[in-house]
Amino acid sequence: MLLLIHGHPFDRTMWTPQLARFDAVAPDLRGYGTAEPASGVTRMSTFADDLAALAPNEPLVLCGLSMGGQIAMEFHRKYPERVRALILADTTARAETTQSRQDRLDMADRLSREGMGPYAREVLSKMVAPGNDEAAEHVLKMMLSAPPEGAAAAQRGRADRPDYRESLRAHPVPTLVVVGSEDEYTPLDEVKLIPATHVVEIGGAAHLPNLERPEEFNDAVARFLTAL
């Protein structure tokens, strides 16, 4: 089973191009989309437990982007026997620094205070590279639709996530890492710190290559799945 895990502050519709090609499941995460509301703090372990309860007890291929990749790595840390392979897109396995942890907590408070609008318009140009107007429209719609308290709760949970490199090495599985060449949040040097068997860089894409360059992203995933 291929399980697609969306990022922040998005919802399951970010996987529309992948759901059109692959036999996959893409749930809304707690606090996002149509899923159960959330407030306070939603820890990475809570997201992982939600997915474990949702997914059948069979070997899973987890595909996560950004925060979704961190949730996939948390699932692997907690339930390594249930993971057949990992596809990690535009994400980092490292824990936050003291400063970046505080930045996440400050952002969570900002989302609670201001709502999603100012943040969404501020970061859109980093989420999607210039020239990808259709993807940018979709991404902005998702961000504006995200429940502020749910998004804030996830940011607080991300602030305290562990470093996943140790658990990835302790329980190795085939791992594909994908990154957009223009990604400012998790550039190539950052994603290459993830223990991986395959690394694919997608030109002309920023933080959401699955939406910006869906054919190239899907082809990379298809090649990886065929080789399993």
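The values are calculated or read from the model by the stated rules, or taken from the named source; none is laboratory data. If you're wondering where the values come from, they're calculated on a predicted model, not measured in any experiment. Methodologically, a virtual Cβ is constructed for each residue, glycine included, from the backbone with ideal geometry; neighbour enumeration extends over all protein chains shown. SASA here: full protein model, heavy atoms, side chains in, ligands and nucleic acids out. Shrake-Rupley method; radii C 1.70, N 1.55, O 1.52, S 1.80 Å.
Is there any pair linking a residue in the stretch 63-74 that is within 14 Å of PRO162 (Cβ to Cβ) to one that is in a helix (DSSP H, G or I) and among the small types (Gly, Ala, Ser), with Cβ under 8 Å and at least six apart or on different chains, and which?
Final answer for the pair search is ILE71/ALA48; MET73/SER167; GLU74/SER45; GLU74/ALA48.
Can you tell me how many residues within the stretch 120-135 are open to solvent by 20 Å² or more (accessible area, probe 1.4 Å) and in a helix (DSSP H, G or I)?
7
Residue by residue, here is whether (1) farther than 22 Å from ALA95 by Cα; (2) among the hydroxyl-bearing types (Ser, Thr, Tyr) holds:
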{"residue": "MET1", "(1), (2)": "yes, no"}
{"residue": "PHE10", "(1), (2)": "no, no"}
{"residue": "THR16", "(1), (2)": "yes, yes"}
{"residue": "ALA20", "(1), (2)": "yes, no"}
{"residue": "ASP23", "(1), (2)": "yes, no"}
{"residue": "GLY33", "(1), (2)": "yes, no"}
{"residue": "MET44", "(1), (2)": "no, no"}
{"residue": "ASP50", "(1), (2)": "no, no"}
{"residue": "GLU58", "(1), (2)": "yes, no"}
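In a loop (DSSP other than H, G, I, E, B), open to solvent by less than 20 Å² (accessible area, probe 1.4 Å), charged (D, E, K, R) and closer than 27 Å to ARG110 by Cα - does that describe any residue in the stretch 163-174?
The answer is no; no qualifying residue exists.
Restricting the search to the stretch 147-162, which residues are assigned to a loop (DSSP other than H, G, I, E, B) and more than 14 Å from ARG110 (Cα to Cα)?
Those that are assigned to a loop (DSSP other than H, G, I, E, B) and more than 14 Å from ARG110 (Cα to Cα): ASP160, ARG161, PRO162.
Is there any pair linking a residue in the stretch 146-157 that is among the small types (Gly, Ala, Ser) to one that is open to solvent by less than 10 Å² (accessible area, probe 1.4 Å) and in a helix (DSSP H, G or I), with Cβ under 6 Å and at least six apart or on different chains, and which?
ALA151/LEU111; ALA152/ALA108; ALA152/LEU111; GLY157/MET44
Can you find even one residue in the stretch 212-222 that is open to solvent by 20 Å² or more (accessible area, probe 1.4 Å), among the aliphatic types (A, V, I, L, M) and touching a strand residue (DSSP E or B) at 6+ places or on another chain (Cβ under 6 Å)?
Checked against the condition, which is being open to solvent by 20 Å² or more (accessible area, probe 1.4 Å), among the aliphatic types (A, V, I, L, M) and touching a strand residue (DSSP E or B) at 6+ places or on another chain (Cβ under 6 Å), the stretch 212-222 yields no hits at all.
Can you tell me how many residues within the stretch 196-227 are assigned to a loop (DSSP other than H, G, I, E, B) and more than 18 Å from GLY69 (Cβ to Cβ)?
So the answer is 2.
Across the stretch 175-195, what is the total count of residues that are loosely packed, with under 15 Cβ neighbours inside 10 Å and outside any loop (DSSP other than H, G, I, E, B)?
Counting residues in the stretch 175-195 that are loosely packed, with under 15 Cβ neighbours inside 10 Å and outside any loop (DSSP other than H, G, I, E, B) gives 2.
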